[in-house]
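Heads up, the thing below is written out as structure tokens.
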């Protein structure tokens, strides 16, 4: 059951107002109109691209913007901020934190939306030093292949998991504040250690993205690629949907989580080898056994998702 709780904030600053950051802004603003988020609810967007923040302003996703290169604008944006969200590629975590650290109020909570956590925690420790307690690592497990402010949705996080990886230096109130923010979007909040997060996500998120990119790359490298693409249909569409995701983001994820991802790739390669041997031997029984187990597991997973969504809707 999704625990939707009231959340009050006066100023939220988001670095990266694309799909993830923009959806948080829209969720808190639009759900706030129904009483699930209170306060002034001012949202300031910042980032490398002035075009992105300008578009977010035009769409009403944010109320104001600040350029990373402008000290005065950054100081004004961060002054009095309740929460700062870093919704940028994980490789930008340390330089971003180093850039904003001089302007952070002592009681401002900083969190992130990065798809890897061990590297993000190391970057935060390097950038913030003794102020690390202000940083609460997080990861909303939600997304679409579309990106940018136009892709932001107010209901993106409804019944989705958000993982928090609290640090020993975090005050419990700071962790709960970030959790309350995500619950106000309709999300389900869970805690993990950074290491556990990276192992789990390598298996169920990072590996599928690599496989999706790899299949498209394999076809591109074939002499009759155009012919193959012309016959691609539903199976290809479903398997490769996530290959439309941000190359920059997934480059950073693969490099940052390479140890866990390599373990998953090796395990997957071993399964492929078993299937190849069964196909080579025309061992239909072995193939069917694997396919049947996979079908059952996938069906049970889908049913659990449907039931969880139904419970979440019933709780509203």
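The values are calculated or read from the model by the stated rules, or taken from the named source; none is laboratory data. Since the model is a prediction, treat every value here as computed from it, not as a measurement. Cβ: placed from backbone, ideal geometry, glycine included. Neighbour counts: every protein chain shown.
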Report summary line: Across (1) under 27 Å from residue 91 (Cα atoms); (2) in contact with a strand residue (DSSP E or B) (Cβ under 9 Å, 6 or more places away or on another chain), residue 242 clears everything bar (2)
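For the stretch 47-113, list the helices (runs of 4 or more DSSP H) that sit wholly inside it and hold at least 2 residues that are touching a strand residue (DSSP E or B) at 6+ places or on another chain (Cβ under 8 Å) and more than 28 Å from residue 189 (Cβ to Cβ); which are they? Give the derivation first.
On the way: elements: 50-59, 71-78, 93-100.
Where helices (runs of 4 or more DSSP H) fall fully within the stretch 47-113 and carry at least 2 residues being touching a strand residue (DSSP E or B) at 6+ places or on another chain (Cβ under 8 Å) and more than 28 Å from residue 189 (Cβ to Cβ), they are 50-59, 71-78.
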Report summary line: By residue number, the members of the stretch 176-230 that are crowded, with 18+ Cβ neighbours inside 10 Å and not in a helix (DSSP H, G or I) are 184, 185, 186, 187, 188, 189, 192
Report summary line: Matching residues in the stretch 96-113 (without any contact (Cβ under 8 Å) to a residue 40 or more places away in the chain and under 19 Å from the mean Cα position of the chain (by Cα)) number 3
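Based on what the data block shows, is residue 65 within 17 Å of residue 50 (Cα to Cα) and in contact with a helix residue (DSSP H, G or I) (Cβ under 9 Å, 6 or more places away or on another chain)?
Working: within 17 Å of residue 50 (Cα to Cα): yes; in contact with a helix residue (DSSP H, G or I) (Cβ under 9 Å, 6 or more places away or on another chain): yes.
For residue 65, the condition - within 17 Å of residue 50 (Cα to Cα) and in contact with a helix residue (DSSP H, G or I) (Cβ under 9 Å, 6 or more places away or on another chain) - is met.
Listed here are the residues, each with its yes/no results for (1) over 30 Å from residue 241 (Cα atoms); (2) in contact with a helix residue (DSSP H, G or I) (Cβ under 7 Å, 6 or more places away or on another chain); (3) modelled with pLDDT of 95 or more; (4) outside the structural domain of residue 84 (by TED's automatic domain parsing).
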position: 120; (1), (2), (3), (4): no, yes, yes, no
position: 127; (1), (2), (3), (4): yes, yes, yes, no
position: 135; (1), (2), (3), (4): yes, yes, yes, no
position: 147; (1), (2), (3), (4): no, yes, no, no
